[in-house]
1. Considering only residues that are within 30 Å of GLY4 (Cβ to Cβ) and basic (Lys, Arg), which ones fall in segment 33-77?
2. Please go through segment 34-70 and pick out each residue that is exposed (fewer than 14 other Cβ atoms within 10 Å of the Cβ) and under 25 Å from LEU80 (Cβ atoms).
3. Is it true that some residue in segment 25-48 is acidic (Asp, Glu), closer than 20 Å to PHE113 by Cβ and at pLDDT 85 or above?
4. Applying the selection to segment 1-34, what residues are touching a Leu at 6+ places or on another chain (Cβ under 8 Å) and not aliphatic (A, V, I, L, M)?
5. Quickly run through segment 105-118 and pick out the residues that are closer than 20 Å to PRO52 by Cβ and surrounded by 14 or more Cβ atoms within 10 Å (Cβ to Cβ).
Amino acid sequence: MSSGNSLYVSAALLCDPFEKPRASELRRVIGNIGRSGITFLISPPEVKTRQPNPEKWMSINHGPFEGNSEDCFRDTSIHLSFTEYEIPVLNDDDARHVIDRSAVLLESLTSVFEGGLWVAEIDILKAVCYH
C-alpha cells in the first residue's frame with residue numbers, strides 16, 4: 001500500500017528467509033509510487049512465464065552448504081510496473097462518478113529479469129508468504 005511518503009509492505013518481503021513473520025505483519029518503508037491518496041497494489045489473477053527453451057537449460061547444484069556467502073542472483077532483478085487496471089474503493093458517502101478518489105486498487109506487475117531478459121511475472125506475496 002502506498003500513502004503519502006510511505007509504503008506499507010508485507011514483512012515477509014523484507015525479512016531474511018529464516019524469519020517467519022506473521023502473515024498480517026506490515027512494515028513501513030519511506031517512499032511512494034508517485035500517486036496521491038491511498039493506493040493498494042494488487043497482483044493480476046494470472047501471472048505469465050516465458051516458455052521453456054530446450055536449447056537453453058540450466059542445472060542447479062544442490063551441494064551441501066559450506067557456510068560461505070555467495071551472490072547467486074547477481075544478474076537477477078525485479079521490476080514493479082502498473083497495468084491500466086484500476087478500481088476506486090467506494091464508501092457510502094461517495095458519488096458514483098467522481099474523478100478523484102482517495103483510495104484505489106491498482107493492478108501491479110512484479111517482473112523478474114535475468115541478465116536483462118524477461119523470465120516471468122510473479123505474485124510476490126504468494127511467493128514469500130508462509131501459510
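The values are calculated or read from the model by the stated rules, or taken from the named source; none is laboratory data. Model, not experiment: these values are computed from the prediction. Methodologically, a virtual Cβ is constructed for each residue, glycine included, from the backbone with ideal geometry; neighbour enumeration extends over all protein chains shown.
1. Hit for segment 33-77 is ARG35, nothing else.
2. Of all residues in segment 34-70, those exposed (fewer than 14 other Cβ atoms within 10 Å of the Cβ) come to 34-36, 45-46, 48-70.
GLY34, ARG35, SER36, PRO45, GLU46, LYS48, THR49, ARG50, GLN51 - these are the residues of segment 34-70 that are exposed (fewer than 14 other Cβ atoms within 10 Å of the Cβ) and under 25 Å from LEU80 (Cβ atoms).
3. yes
4. SER2, TYR8, SER10, ARG27, ARG28, GLY31, ASN32 - these are the residues of segment 1-34 that are touching a Leu at 6+ places or on another chain (Cβ under 8 Å) and not aliphatic (A, V, I, L, M).
5. SER111, VAL112, PHE113, GLU114
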